[in-house]
Amino acid sequence: ALANEASVATTQKAPCDARFLADVLKGLSSQPKSLSPKYFYDENGSRYFDEICQLQEYYPYKAELALLPRVASDVAALLTDDYSVVEFGAGSLQKIQPFFNALKGIKSFYPIDISGDYLRATTKKLQAQYPHIAMQAIEADFTLPVELPLTRARRLGFFPGSTIGNFTPQQAKNFLSNARATLGDGAHLIIGVDTKKSPDILHRAYNDKKGVTKRFNLNVLSRINRELQCDLNISDFEHYAFYNPVEGCIEMHLVSQSHQKVSIAGTAITFNSGETIHTESSYKYTPQEFMQLAQSAGWLVERTWLADDAMFSTYLLKVA
Ligand code: AVJ
């Protein structure tokens with residue numbers, strides 16, 4: 001355990017810009033070029049994502065939000081013990097509130113997010129609304145094992161938004177196994193997962209008419225230019241998002257329309273005309289597929305909730 005804590009300490013403590021630079025150099029030197037979707041969420045990117053959530057074409061946010069009150073009241077009937085809630089990738093802290101209102105046994109709340117300042121501000125606001133729940137913001141990368149404060153209460157994980165869809169199925173299994181270790185024996189996990197559906201509906205959700213998703217996607221290049229003193233010619237990149245029915249995921253790409261060469265911290269990076277940067281995958285699961293994935297990672301599926309027309313799904317998992 002000590003070794004693990006030490007490793008967590010080092011990986012989690014590297015200054016964000018050093019890790020950002022290393023990840024960007026590695027991703028833009030790989031074949032095909034890629035960037036991690038976690039880097040979408042600088043201040044501008046988080047604002048674009050909030051705009052995406054309000055788009056007519058982008059169903060996941062509204063479908064999940066419509067489901068949560070029903071999930072919260074059903075979970076309140078099932079989970080009648082004391083709980084310490086851990087939210088992975090917490091961000092706006094809006095979706096946890098129906099559970100704070102429905103479950104009487106929630107004693108503490110540990111939201112985990114990579115954007116520390118934003119998380120501390122939102123946690124402070126939430127603490128004022130729920131003074132009886134002890135809250136502590138944890139600035140960390142939840143895709144790595146996270147040290148949590150010790151607690152006597154059982155742990156209840158919360159992982160909404162189908163963010164698990166940003167992992168490949170193998171990475172999702174690893175995350176679920178890590179979450180099982182982080183949350184410990186007797187833990188539960190409430191998780192939101194986008195469902196497989198008509199490719200046309202999926203396509204339109206990532207190619208909105210207003211072009212917000214395009215700006216969200218291109219924004220990661222602006223972040224690279226700004227934070228890494230680089231001069232990528234952003235207007236030469238095209239947003240390209242499509243549903244890959246073999247993989248069962250939306251792929252988002254930024255395709256260079258010209259041959260261009262840039263230097264990032266002294267490393268030369270070349271883009272051939274037509275060359276892509278893969279910026280995100282969003283995997284979609286049928287309930288059967290997700291149950292199989294959860295079971296393969298050591299979880300039992302205790303309950304499943306489906307939104308209207310199976311547009312979205314939420315699961316209550318229990319450590320097997
Ligand atoms: C927040 C990762 C669930 O994959 O649908 C929205 C991010 N990307 N539009 C998703 C996103 C393009 C979103 N997740």
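Readers should treat all values here as calculations from the given coordinates under stated rules, not as data from a laboratory. The structure presented is a predicted model; accordingly, all values stated were derived computationally and were not measured. Glycine gets a Cβ as well: all are built from the backbone with ideal geometry, and neighbour counts include every protein chain shown.
Brief remarks on what is shown
- Ratio Rg/Rh [Cα only; Rh per Kirkwood] for region 205-320: 1.13
- The label point for L144 and the one for F242, both projected 7 Å from the Cα toward the Cβ, are 3.6 nm apart.
- Stretching the chain fully between E289 and V255 yields a gain of 9.1 nm (0.36 nm per residue, less the alpha carbon separation).
- Loop-resident trypsin sites (Lys or Arg not before Pro) (DSSP state other than H, G, I, E or B) in region 119-160 with no more than 15 further Cβ atoms inside 10 Å of their Cβ: R152.
- For region 201-238, applying the loop criterion from DSSP together with a ceiling of 10 other beta carbons within 10 Å to the trypsin sites (Lys or Arg not before Pro) yields K209.
- Stokes-Einstein diffusion for the chain, with the hydrodynamic radius set to the Kirkwood value over Cα pairs and evaluated at 4 °C in a medium of 1.567 mPa s, equals 63 µm²/s.
- Between R120 and S198, the distance separating the two model label sites (each 7 Å from Cα on the Cα→Cβ line) works out to 4.8 nm.
- With neighbours defined as other Cβ atoms within 10 Å of a residue's Cβ, the residues D74, D308, D194 order from fewest to most as D308, D74, D194.
- Degrees separating the helix 59-78 axis from the principal Cα axis of the chain, which is the longest one: 20 degrees
- Calculated FRET efficiency, K107 to D74, Cβ-Cβ distance, R0 = 22 Å: about 0.60 to the nearest 0.05.
- Here is how the number arises for the chain: DSSP H runs of 4 or more residues each give -39500 (n - 2.57), the sum is divided by the residue count, and the result at 222 nm is -12000 deg cm²/dmol.
- Radius 15 Å from Cβ of Y285, net charge of other residues (Lys, Arg +1; Asp, Glu -1): 0
- Under 5 Å, built H, 5+ apart or other chain: amide partners of E302: L316, L317, K318
- Calculated from backbone phi, Karplus (6.51, -1.76, 1.60) coupling profile of region 24-40 in Hz, x at Gly/Pro: 5, 4, 5, x, 7, 9, 8, 10, x, 5, 8, 9, 6, x, 5, 7, 5
- Globularity index of region 40-151, i.e. its alpha-carbon radius of gyration over 2.2 N^0.38 Å: 1.11
- Here E139, E247 are placed in order of increasing Cβ neighbour count within 10 Å, fewest first, which gives E247, E139.
- Backbone geometry of region 252-258 corresponds, through the Karplus equation with coefficients 6.51, -1.76 and 1.60 at θ = phi - 60°, to 3J(HN,Hα) couplings of 10, 9, 10, 9, 6, 8, 9 Hz, x marking Gly and Pro.
- Amide H contacts under 5 Å for F237: Q257, restricted to partners 5 or more places along the chain or on a different chain, H placed in the peptide plane at 1.01 Å from N.
- Estimated FRET transfer efficiency (R47, D185; beta-carbon r; R0 45 Å; 0.05): 0.65
- In a fully extended conformation the segment linking K62 and S92 would gain 9.3 nm over its present Cα-Cα distance, using 0.36 nm per residue.
- H203, H188, H132, H239 arranged by Cβ crowding within 10 Å, fewest neighbours leading: H132, H203, H239, H188
- Whole-Hz Karplus values for region 87-103 come out as 9, 8, x, 6, x, 6, 6, 8, 6, 6, 4, x, 7, 4, 6, 8, 8 Hz, taken residue by residue from phi with 6.51 cos²θ - 1.76 cosθ + 1.60 and θ = phi - 60°; glycine and proline positions read x.
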